[in-house]
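Here the structure comes first, spelled out in structure tokens, and everything after it is commentary.
Any read-out appearing in this document is the output of simple, stated calculations on the displayed coordinates, not a laboratory observation. Here the structure is a predicted model, which means the values were calculated and not measured. Every residue, glycine as well, gets a Cβ built from its backbone with ideal geometry; the counts of neighbours run over all protein chains shown.
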2 protein chains.
Amino acid sequence: MDTIFSYQSLYNFTYSVFKHIGCSDTDATTATKSLLAADVRGIDSHGVARLSGYVRLWEAGRINSNPDIHIKHETPSTAVVDGGAGLGLVVAPHAMQIAIDKAANVGTGWVSVCNSNHFGIAGYHAMMALPYDMIGIAMTNASALVAPTFSIERMLGTNPIAVAIPAGNEAPFVADMATTTAANGKLEILQRKNAEAPLGWVQTKEGAPSTNASALKTGGALLPLGSDREHGSHKGYALGSIVDIFSAVLSGASYGPWAPPFPAYVPMPENMPGKGLGHFFGAMRIDAFRTADEFKQHIDNWLRRFRNAKPAEGHGKVLVPGDPEREMEAIRMKEGIPVVESVVNDLQAVAAKFNIEFR
Amino acid sequence: MDTIFSYQSLYNFTYSVFKHIGCSDTDATTATKSLLAADVRGIDSHGVARLSGYVRLWEAGRINSNPDIHIKHETPSTAVVDGGAGLGLVVAPHAMQIAIDKAANVGTGWVSVCNSNHFGIAGYHAMMALPYDMIGIAMTNASALVAPTFSIERMLGTNPIAVAIPAGNEAPFVADMATTTAANGKLEILQRKNAEAPLGWVQTKEGAPSTNASALKTGGALLPLGSDREHGSHKGYALGSIVDIFSAVLSGASYGPWAPPFPAYVPMPENMPGKGLGHFFGAMRIDAFRTADEFKQHIDNWLRRFRNAKPAEGHGKVLVPGDPEREMEAIRMKEGIPVVESVVNDLQAVAAKFNIEFR
């Protein structure tokens, strides 16, 4: 049974937890907003479900709640930011703001980040650009769960890419996607239900196609977007690789199979070639290309044309990236956020640990 | 039966054709190199196979062989370029060079292009950045053949993305991919053989899954990377959309279902919202992030680690994006380029038209 929580009650609790691990008021606010953006947009795997995981990383000394986030190197349109081993939920908005400021000055801004941690959903950071009439881009590497095409080794994370594009009267375009066929969170949902996964999501330890939603627990791997070579898995593999290189090789973070794992009980990889997890952010000022008014008139036309594309039988309408999440946000801000029992129990344990109220 | 041509003989012929349609020496050289990059890299659908198509576009007055390519608007890190209705094969390298020059000045350069035409393979333009120790990015929109997830309408082109990343001692990373499950050129090969397509490449006019390689001729559509919703087609659809918006909505080109068709006999769409086809180029100076030496040491490590990932049974090795094309280039520069009979006939007709030698 799910329990329904209001946004405000989850906000108060999450804020309090971040304060208890030593975050400043400002950082606790930033981290809470970043984290809960996942819950309100319906990406349940990346919201409060991960809160206890962040706490465990802090307990293990892998997260510094008072990080020295600083620019290591910069040019007018770029920067490398050292996240000081902080919460990715705090480091990412900080770095995205640098990208936005650079875009304000020279048209675009591009920031690669090292020494960070899991940053929640990529879409939240990309969307920071929208009120500035800028296109926002966010990506991150992650612990290795994905096998390249023709391989049985886990070499890449689910490495998401988010792109947010402002509009005029229409709702904006917001793509936010793992570069795998299915996000790991979707597998976890099937595992809880003891259900099979569609073919094409995972492979066994030997590299055979599998419908076992728990294949990763027995040495299997997630598959890149495309599933197999015949259906373009080499393209998903390329996309995940680009995210890894932009986020971690450009910045000096730890890349590929050496990316630090999210679960605190998993030992860190040996011989890590860089510091922590890596992210990559971009901001492009619309009026660095054409006037914002002209652009908005055309992007509205684009959005309307695609939303009104002829639907296939059995489908009421054609969606534009970001539509399902925005519709979910409207519902959940009004009706509350359902949290599954195992996560509620998990949060109650965190509440007990810090002696704070959770209801 | 294929006929084998040396690179030099295809070069001489192609150059001569571009001269005959009125290109300057410089532009004919640029266009020939861009076009033949496809043939040497094994992307046979985009090389000399398209030469007669460019000639027909010129005959139809849709290509200006003496274009006024100029910057419409710019900031230190961006520009919008009007391609003057020129050959994309000429406009694209021109615009990419602007991106590279801007990156030299402020770290990165980003150029959106309107009023252009088909630009050959995206990878060629992205790779222009490599000798400058820059990452190169190239994308383009194209005539609508692809149906969004849940739709039966052709709304997007195969909209490719290319990313080229320089290395030290290892061969560079070069991804170049249509954002569909399979490129249209692969379907054309199956059509010639009267063979079936794998499920997941195309759908029928009614939106049903199909193995008919000629489904597009009866109102069907290509499918976005991911094939169906369960396997992530909404991600391929999002990627194709991002390419369309960056290339055409940012620049003032014609977007979505209004993108101009490549075949000269297909009438132009009505009420086009912009000028010609659009492209988008990016260049990022490596040392705008970290020193090129440091980066190269780590990217070499990345490339070696992935090339040496444990292969699945039946596969000799794991590839990195760009490896198959580079291996093909080595073979074809030595042993020559095979051209299928229908294309040879097509080129002979072009030769006869301009009274030039082809052998």
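Listed values, structure above:
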item: Estimated FRET transfer efficiency when R0 is 45 angstrom, pair B:His70-B:Arg304 (beta carbons, to 0.05); result: 0.55
item: Violating pairs (Cα-Cα greater than 21 angstrom) within the set A:Lys310/B:Lys217; A:Lys193/A:Lys353; B:Lys33/B:Lys334; B:Lys33/B:Lys296; A:Lys275/B:Lys296; result: A:Lys193/A:Lys353; B:Lys33/B:Lys296
item: Where N is the number of residues in segment B:76-125, Cα Rg divided by 2.2 N^0.38 Å; result: 1.10
item: Anisotropy class of segment A:1-159 from Cα gyration tensor, a/c 1.5 cut; result: rounded
item: Cubic angstrom per residue, convex hull over Cα atoms of segment B:150-285; result: 149 Å³
item: GNM flexibility winner over chain B from B:Ala104, B:Ala309, B:Ala79 (Cα, springs under 10 Å); result: B:Ala309
item: Rough spin-label spacing in nm, given labels placed 7 Å along Cα→Cβ, for B:Val340 and B:Asn271; result: 3.8 nm
item: Gyration tensor verdict on chain A (Cα atoms; rounded if a/c is under 1.5, prolate if a/b is larger than b/c, oblate otherwise); result: rounded
item: Where GluC sites (Glu not before Pro) fall in DSSP loop in segment B:274-354, at most 10 other Cβ within 10 Å; result: B:Glu313
item: The protein assembly as shown: equivalent-ellipsoid semi-axes (sqrt of 5 x gyration tensor eigenvalues, Cα, Å); result: 42, 26, 25
item: Evaluated at q = 0.10, 0.15, 0.26 Å⁻¹: base-10 log I(q)/I(0), Debye formula over Cα of segment B:58-146; result: -0.25, -0.55, -1.31
item: Equivalent ellipsoid, segment A:34-89 (semi-axes from 5 times Cα gyration tensor eigenvalues, Å); result: 26, 17, 6
item: Chain A: relative contact order in percent, alpha carbon pairs under 8 Å with at least 6 residues between; result: 21 percent
item: Fraction of antiparallel bridges per DSSP, chain B only, in percent to nearest 5; result: 85 percent
item: Length released on extending from B:Glu230 to B:Ala104, taking residue separation times 0.36 nm less the Cα-Cα span; result: 41.0 nm
item: Highest-fluctuation residue, A:Ala213, A:Ala164, A:Ala122 considered, GNM on chain A with Cα pairs under 10 Å; result: A:Ala213
item: Anchor B:Lys186: aspartates and glutamates whose Cα lies under 14 Å away (excluding residues fewer than 8 positions away in-chain); result: A:Glu230, B:Asp44, B:Glu196
item: Spacing of the two label points (7 Å from each Cα toward its C-beta) at A:Asp25 and B:Asn194, in nm; result: 7.9 nm
item: Cα pair distances of segment B:284-359 binned at 5 Å [whole percent]; result: 3, 11, 11, 11, 13, 11, 10, 8, 8, 10, 4
item: Chain A: most fluctuating residue of A:Val163, A:Val243, A:Val339 per GNM, C-alpha cutoff 10 Å; result: A:Val339
